[in-house]
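Shown next, in structure tokens, is the structure this report addresses.
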Amino acid sequence: MIMGDILPDTGCSGMATPSLTASTHTSSVDTQPRLDKKPGLVTVIIFFAVLAMGLLFTAYSLMHDMHELGTVVTTWTPFLLLGVALLIALGFEFVNGFHDTANAVATVIYTNSLPPQFAVVWSGFFNFLGVLLSSGAVAFGIIALLPVELILQVGSSAGFAMIFALLIAAILWNLGTWWLGLPASSSHTLIGSIIGVGVANALMHGRDGTSGVDWSQAIKIGYALLLSPLIGFAFAALLVLALRAFVKNRALYKAPKGNTPPPWWIRGMLILTCTGVSFAHGSNDGQKGMGLIMLILVGTLPMAYALNRAMPAEQSLQFAAVAEVTQVALMKSAPQALPGDPRPILSTYVRTKDATPELIPALAALAGQIGDEVKGYGSLAKVPAEAVGNVRNDMYLTSETIRLMDKAKVGNFDADTQGKLQLFKQQIDNSTRFIPLWVKIAVAIALGLGTMVGWKRIVVTVGEKIGKTHLTYAQGASAETVAMLTIGAADMFGLPVSTTHVLSSGVAGTMVANGGGLQMKTIRNLLMAWVLTLPAAILLSGSLYWLFTKLF
């Protein structure tokens, strides 16, 4: 019925597969779900119709926004690059979808809670909703890892090289681990790709490679990626033990017999947690593509996407007033002459994190200039095309400076000045960090459709090859519940965690708690993928970035 076989897939039980995780599973064949059902013609037609409508909707939205602003096309080269970049970004989300589908559906499939084909469609729909209702915090958290100098010139050849390199590197690694049936992390891969671009950019400009990345932000995200699977393992195991202590129904801790579904209440919990993991995956992983698409749009069509032109005029005037009082407060904190051009001072600080006596006067000067520009134009919608890029770059540079100063406690400001700085930063972020609805819809369609393709390989690994025994009802419910809560909490705090790591480690934890044991060959391969993902993505994206800068 569904698109499990649109991409080549031989990962179902009993068929040859190039997986590293060859099964030593000993359960009887009659407990295995049917994963080899072919999609019907109507399903295939609907799939490609939705895919075509998504692409047409994206093209229409772009053309509409350009027409609204009266954009005059003098050369099609930037638009061709834009189209290619958008296709690659949406392709990343599509691959992300079918790579990570197993995290949501493996447990409901292997406990007979939902038929495989229906489970995949169900997961795809709630991935779609998760993207649409996401906050955007994760999207801009990912962008904060990128080198500031590349973000400020994202429309240049170096900016396009950055976008192409990190997205293509992430897609290649995701496809490779999918082909081997390994539940590697798309989040881990993308972050490695971003770090690789940052390191390569620094080395190519004669700087130390460690200066090319915001390592404090990378470490924060690294902790989330490291701790989330440990949380998944420990809490899923504890939940199984709690169920064994308080729920005495022995059938919950045994493998399903044939196609027998679980008791209604555990089945409801499994479907609920599958829904929750799908929604959380969409709301967390979908944002990564959105953030990169916004960078692409800002670089190629700054007039339409560099500034939030929907901001009301009165709010723009309030922004200008906040900028003015912030400048006054900073000048009182550091009463020095304001530099003529503050941008080089702030750019150096953002890159090196070394505060100099000129830093606060430079921040005051740029805050005043931003306020004067916005006040002079009357609203962000009236900023002329030739000035949009500069205004946005000034705002982004100021926001990053305030963020880094706050983190390093630079300035020792009193509570009043600190409050004004944070309010000013919030106003800047409201002006520059926004995601149009059509971008969310395009990413939602790509991720949602991706969940319906090629899902069997990793479903088999999660469902059959982590533990030595068949997944039980209690194990499935415990692993999914912990994954849903962990990913949901990470989304609230704007942290890009790995759905794959949380769920697969949760399944491993339940196997240990249930006394079933682990297939150590699979565990070794999963750990190898976890260890190799970061250096492989760094090396691949860094090499591609160097190559693309030469080509462009």
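For this structure, a couple of remarks:
- Hits in the stretch 421-444 - residues which are of a type in the set (A, V, I, L, M, F, W, C), modelled with pLDDT of 90 or more and either open to solvent by less than 30 Å² (accessible area, probe 1.4 Å) or not in a helix (DSSP H, G or I) (or both): Leu421, Phe424, Ile428, Trp438, Val439, Ala442, Val443, Ala444
So that you can scan it fast, the table gives a plain yes or no per residue for (1) open to solvent by 10 Å² or more (accessible area, probe 1.4 Å); (2) modelled with pLDDT of 90 or more:
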position: Asp100; (1), (2): no, no
position: Asn103; (1), (2): no, no
position: Val108; (1), (2): no, no
position: Pro116; (1), (2): yes, no
position: Val121; (1), (2): yes, no
position: Leu129; (1), (2): yes, yes
position: Ala137; (1), (2): yes, no
position: Phe140; (1), (2): yes, no
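- Taking the stretch 79-137 as the range and being in a loop (DSSP other than H, G, I, E, B) and farther than 23 Å from Ala52 by Cβ as the test, the residues that pass are Thr111, Asn112, Ser113, Leu114, Pro115, Leu133, Ser134, Ser135, Gly136.
- Among the residues making up the stretch 514-548, those that are surrounded by fewer than 20 Cβ atoms within 10 Å (Cβ to Cβ), modelled with pLDDT under 90 and outside any loop (DSSP other than H, G, I, E, B) are Leu518, Met520, Lys521, Ile523, Arg524, Leu527, Met528, Val531, Leu532, Leu534, Pro535.
- Listed by first and then second residue, the pairs linking a residue in the stretch 304-333 that is more than 14 Å from Val374 (Cα to Cα) to a residue that is outside any helix (DSSP H, G or I) and open to solvent by 20 Å² or more (accessible area, probe 1.4 Å), with Cβ atoms under 7 Å apart and 6 or more places separating them unless they lie on different chains, are Ala304/Leu69; Ser333/Gly411; Ser333/Phe413.
- Odd one out for Val482 among (1) farther than 23 Å from Trp178 by Cβ; (2) over 21 Å from the mean Cα position of the chain (by Cα); (3) open to solvent by less than 20 Å² (accessible area, probe 1.4 Å): (2)
- Condition check for Leu203: surrounded by fewer than 24 Cβ atoms within 10 Å (Cβ to Cβ), part of a helix (DSSP H, G or I), at pLDDT 90 or above and not charged (D, E, K, R): no
- Of all residues in the stretch 400-417, those satisfying the criterion of being part of a helix (DSSP H, G or I) and in contact with a helix residue (DSSP H, G or I) (Cβ under 8 Å, 6 or more places away or on another chain) are Glu400, Thr401, Ile402, Arg403, Leu404, Met405, Asp406, Lys407, Asp416, Thr417.
- Boolean, Val350 is surrounded by 17 or more Cβ atoms within 10 Å (Cβ to Cβ) and in contact with a Phe, Trp or Tyr (Cβ under 9 Å, 6 or more places away or on another chain): no
- Within the stretch 243-268, the set of residues being touching a residue at least 60 places away in the same chain (Cβ under 8 Å) and open to solvent by 80 Å² or more (accessible area, probe 1.4 Å) comprises Arg244, Lys254, Lys257, Asn259, Arg267.
- Met511 more than 24 Å from Pro262 (Cβ to Cβ) and either surrounded by fewer than 24 Cβ atoms within 10 Å (Cβ to Cβ) or modelled with pLDDT of 85 or more (or both): no
- Taken together, the residues in the stretch 445-481 that are over 23 Å from Phe125 (Cβ atoms) and touching a helix residue (DSSP H, G or I) at 6+ places or on another chain (Cβ under 6 Å) amount to 10.
- The set of residues from the stretch 448-474 being open to solvent by less than 10 Å² (accessible area, probe 1.4 Å) and in a loop (DSSP other than H, G, I, E, B) comprises Thr451, Val453, Gly454, Trp455, Ile466, His470, Leu471, Thr472.
- All conditions in (1) open to solvent by 10 Å² or more (accessible area, probe 1.4 Å); (2) hydroxyl-bearing (Ser, Thr, Tyr); (3) at pLDDT 90 or above hold for Ser333, with the sole exception of (3).
- Pick from the stretch 400-435, criterion closer than 17 Å to Val138 by Cβ and not aromatic (Phe, Trp, Tyr), ranking: nearest to the chain's Cα centre (by Cα): Ile435
- Flag if Trp178 is in contact with a helix residue (DSSP H, G or I) (Cβ under 7 Å, 6 or more places away or on another chain), closer than 29 Å to Gly448 by Cα, modelled with pLDDT under 85 and open to solvent by 10 Å² or more (accessible area, probe 1.4 Å): yes
- All told, Gly124 meets the bar of being of a type in the set (Gly, Ala, Ser), under 15 Å from Phe279 (Cα atoms) and either out of contact with any His (no Cβ under 7 Å at 6 or more places or on another chain) or free of Cβ contacts under 8 Å to residues at least 40 places away in the same chain (or both).
- Per-region count, the stretch 372-420, residues of a type in the set (A, V, I, L, M, F, W, C), surrounded by 15 or more Cβ atoms within 10 Å (Cβ to Cβ) and over 23 Å from Leu152 (Cα atoms): 2
- Scope the stretch 324-364; condition over 35 Å from the mean Cα position of the chain (by Cα) and of a type in the set (Gly, Ala, Ser); matching residues: Ala329, Ser333, Ala334, Ala337, Gly340
- Any chance Tyr305 is open to solvent by less than 10 Å² (accessible area, probe 1.4 Å) and among the aromatic types (Phe, Trp, Tyr): yes
- Residue within the stretch 367-378 that is of a type outside the set (Phe, Trp, Tyr) and under 30 Å from Ala474 (Cα atoms) present: no
- Qualifying residues in the stretch 142-153 (those that are part of a loop (DSSP other than H, G, I, E, B) and under 19 Å from the mean Cα position of the chain (by Cα)) - the one surrounded by the fewest Cβ atoms within 10 Å (Cβ to Cβ): Ala144
The values are calculated or read from the model by the stated rules, or taken from the named source; none is laboratory data. Everything numeric here is computed off the predicted structure, so don't read it as measured data. A quick note on method: Cβ atoms are made from the backbone with ideal geometry, for glycine too, and the neighbour counts reach across all protein chains shown. Surface accessibility is based on the protein's heavy atoms, side chains included, excluding ligands, DNA and RNA. Shrake-Rupley method; radii C 1.70, N 1.55, O 1.52, S 1.80 Å.
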